[in-house]
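The values are calculated or read from the model by the stated rules, or taken from the named source; none is laboratory data. In this text the structure is predicted, and so the values were computed from the model without any measurement. Neighbour counts run over all protein chains shown; Cβ positions are idealised from the backbone, glycine included. Heavy atoms of the whole protein, side chains included, go into the accessibility calculation; ligands, DNA and RNA do not. Shrake-Rupley method; radii C 1.70, N 1.55, O 1.52, S 1.80 Å.
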Amino acid sequence: MTGKGYRPRPFDLGKGRWIAGAIIVANFCIVLVLPMITLLWMALLPFLRGFSLAALPLLSFKNFRTVFTEPGYVELATNSLLVAGAAATIIMAITALAGWIAARRGPGGWALDQLATLSLVFPGICLGVAVMEVYLRVPLPIYGTLWIIAIAYVIRFMPYGMRYVYSGVLQLHHELEEAAGVAGAGALMTLRRIVAPLLSPAIVAGWLFIFLVANKELAIAVLLASPGSQVIAVSIFDLWVNGQGGELAAFGLIWTVLMTVIACLFFVQGRRGGTDVFGN
Amino acid sequence: MLTVRALTKIYANRFDAQAGGVRSVSFDLPQGTFFTLLGPSGCGKTTTLRCVAGLERPDGGTVLVGDRVLFDSESKTAVPLNERGIGMVFQSYAIWPHMTVFENIAFPLRVGKGQRPGREEIGRLVDQALSTVGLSGYGDRPATRLSGGQQQRVALARAIVHRPKLLLLDEPLSNLDAALREEMRIELRRLQQQIGVMTIYVTHDQSEALAMSDQIAVMEKGRVVQMGDPREIYFRPANEFVARFIGAANLLHGVCDGDVAAGAEGHVRLADGARIACHFPRAATSGKPSVVAIRPESIGLTDPARAALHGTIAATSFLGGTVRYDVAVGGLTVRVVGAAERMIASGTGVGLDFPASAAVVVD
Ligand SMILES: Nc1ncnc2c1ncn2[C@@H]1O[C@H](COP(=O)(O)OP(=O)(O)O)[C@@H](O)[C@H]1O
Ligand SMILES: [Mg+2]
């Protein structure tokens, strides 16, 4: 983004658009529609069985009812949203500053970048074990609470936040910040009045991405979650292990719808604000 | 008053070993001057401007505005960028897209050090700046909904709203189309005279520099190679580089014939034996290799017998108001611009007639 006008330009695919369209639709079916139909089928049946006409009379909403009425599920959902939301917020707050310093080659910028990206090389399980070990030993009473999961998420997903902010900053023409400096603004003022607002689409997009990914993170959660602090990914895994396929499918579907609605809300909000949350 | 002395900033370029930057740039500007840094791309104009603005830390030198030291390498003084009180228009304009036109222009008033004007005062100053640049009534527009010319005006309004002592403009017209550029050129100059602000203007366009400036510094490879008013630069180029850069001058190589004092008239003998009368800005001794610059429009075409230099017309092109001739003189081609009423055919033998004052020895 520069100080000059910028408008994306659609380009004409000609005849190729039909082929491109067909590929997109086919892809959409395989990746999304088929699995969703399968899930729906599973959710509507009391026990697992393949597609067949004979099974039609057995269809019911019982599994959905269970999910909505049993308090365990509601608490689970709240926990998950809280942890993912907290982790995403903490990460974006840290990386908004760190990513800017790194992208602008400020003092220690390179080190910050490396440090924040380091966790990318650890498998989730290793990170989970490491965090668990640390908080079993230090006298902070967060082991067995949601906080420890949030902390592990922050470490694990920090690189994504860093990437979002970093590339966001690179899209800002440096002269936008320099103009603020010449106009009399100090570094903090420039950050607050110029960089932060211009970077907000990238920050919001990063937040949403981390929020969505954190909600399905299993490796860390499975190690750090305890009975009082369950999160969704773990309990879905448990349901599967316990053979409660129907409830799993119902819960999974509801969760998917919820996540989609959240993503759409962001999208609509971004559109209204004149900025594009997804990417640009 | 602006004083820049021995300003040096070297970029160690790891890749092509060609260290860019500026070397020992000096100039003094009286109050209210429109000063232009002119030179080809990469000669160090932007670097000079950024060092004055405080966006770049020079390796050495001194920058003074009035008697206020902005930078001095001796005493290790460097006033931070945001305390210099300078106005600047960037090449990209750097209009903040998340603000309205009004907010963009009000920004310098709101964030400056020291006492800030109140709400009403800000409104008044912004309106005044808007009307100065001819954008009255545009305050509420989102900054993204402006044409190129309007963005340029907003950038200018933002740079002058806090009444800076010094205004820096980095190729502000290079992003505009030709017609608008002509118009803004005149307007920018009018505006500068109206508010009387000392201005450093950066451009690579010599006609822009000649039309607008009180003083011009021509730069080459990080150094100022000539400084003077537009007529001096145009009619008395100091060296071959300036002569070439400032416009289509003919450059004839020869040797000095007889000792000449600085500022006097002398003679240069060209390779083919012709002896022409020239103006010598600097003293020269007999036998010194010399380059003579003659402008195409200073040369008249006459009878071959009546001129020291003669040749044959090799090519002609009708340009509407004028005719351009390429005249073969010995082994070289001399360009001549003549009146359009009379056209001389190719192949005709002609004499090249010009006053000694129009033939300048440029070393
Ligand atoms: N940040 C930088 N790092 C390295 N070299 C630079 C930098 N900025 C400018 N230069 C070099 O310094 C020289 C002068 O650049 P600049 O002042 O931008 O030229 P101009 O504005 O006259 O086109 C160029 O050769 C350029 O490559
Ligand atoms: Mg430049």
Dimensionless Rg/Rh of segment A:174-225, both radii on Cα and Rh by Kirkwood, sits at 1.32
Computed about the Cα centre, the charge dipole of chain A from +1 Lys/Arg and -1 Asp/Glu charges at the Cβ has a magnitude in debye, to the nearest 20, of 680
Interface B-A: total buried accessible area (1.4 Å probe, Å², nearest 100) of 2100
Given a 1.4 Å probe, the accessible area of the protein assembly as shown per residue, as a whole number of Å², is 49
Cα-only Rg/Rh for segment A:62-272 with Kirkwood Rh rounds to 1.05
Semi-axes in Å, largest first, for chain B (Cα gyration tensor, √(5λ)) are 46, 25, 16
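Antiparallel as a % of all DSSP beta bridges within chain B, to the nearest 5?
Around 75 percent antiparallel, to the nearest 5.
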Scaled by the rule-of-thumb 2.2 N^0.38 Å, the alpha carbon Rg for segment B:55-207 gives a ratio of 1.08
Mean projected area, convex hull of alpha-carbon positions in segment B:1-82, reported to one decimal in nm², is 6.0
Expressed as a percent, the accessible surface of segment A:132-226 that is carbon or sulfur, using a 1.4 Å probe and the full set of protein chains, is 68
With only helices counted (DSSP H, runs n ≥ 4, each -39500 (n - 2.57)), the per-residue ellipticity at 222 nm for the protein assembly as shown, to the nearest 500, works out to -13500 deg cm²/dmol
The answer for the longest stretch of chain A without any exposed trypsin sites (Lys or Arg not before Pro) (DSSP loop, at most 13 further Cβ atoms within 10 Å) is A:106-280
With no solvent term and unit scatterers on the alpha-carbon positions of the protein assembly as shown, Debye gives log₁₀ I(q)/I(0) at q = 0.08, 0.09, 0.10 Å⁻¹ of -0.81, -0.92, -1.03
Bridge orientation stat for the protein assembly as shown from DSSP, antiparallel percent rounded to 5, came to 75
The ³J(HN,Hα) series, computed from each phi in segment B:185-190 with the Karplus coefficients 6.51, -1.76 and 1.60 at θ = phi - 60°, rounded to the nearest Hz and given as x for glycine or proline, is 4, 5, 5, 4, 5, 4
Sorted on mean Cβ neighbours within 10 Å (highest first), peptides B:48-58, B:73-83 come out as B:48-58, B:73-83
Residues whose built amide H sits under 5 Å from the amide H of B:GLN91, excluding neighbours closer than 5 in sequence, are B:ASP170
